[in-house]
1. Can you find even one residue in region 10-32 that is in contact with a helix residue (DSSP H, G or I) (Cβ under 6 Å, 6 or more places away or on another chain) and outside the structural domain of residue 153 (by TED's automatic domain parsing)?
2. Only one of 107, 103 is at negative phi and touching a strand residue (DSSP E or B) at 6+ places or on another chain (Cβ under 6 Å); which?
């Protein structure tokens, strides 16, 4: 957006003055403050610890060597929840893997959840602001489904009221949730900054993005992977069901959708989406709607859709697709 461009235009124009850290501390030019205790205290207050303290669900949390560390352990201190941490040690290079909460980087945790019969697996990215999850049996749960559960929990169990926010490439299931619960649905371009704006200007229960960032009401207008994950655990306690059972209930009520994403690398060629604009049908289904305010999204009569969005930072086009069957979603992603 305009602000980003203005900032980028000024990069490198002035030399940055530096000073030795020890000297800066001695001069009191730098003041160090640890916010860990206040953060833990706030999350313990935000969560309904009175309700969840006696639950005995078995939880695996994959910290991916990031800043999440042992925070979840401290937040849940005093409860009977059986929490196991993995990759909780801080590693500046994340053990050579990208610290993203996606299936290809958490194979070990997928296997552990299945083998050791955990009720839920939680995955935090490198700076613990994004969330992924694993259902019993080792099924990876994408952020679209996580957001749906958190909205339902905050609305039905915690009494939160307001609208919900998704991005243009968000799942259709959120539309169904908004329609049935009579909630205002806001749709934004891709990027959590747009969701944050709405969380400031509107009363919003929750909002989320495709990459796993979830923001919730009565919190700062920002993502927090630890809080999002713990809200899933809290929902399990309220409903007395594990993650797999919660997903089955939600999808029985609001529909099961298969959501895929891939990247098309362009090399030196510029992104050209014009060839898709005139498409009137995709693989036998009529195109009934188009959205082009952030890339191009074609929506078909059976609620399936495909979207192309040029990356703002890399020479590639991100391709998203969703359908009521995995087969059609796989066909759409290759269209």
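The values are calculated or read from the model by the stated rules, or taken from the named source; none is laboratory data. Just so it is clear, the model here is predicted, and its values are computed rather than measured. Reconstructed Cβ throughout: ideal geometry from the backbone, glycine too, with neighbour counts over all protein chains shown.
1. The answer is yes; a qualifying residue exists.
2. Criteria check complete, one pass: 103.
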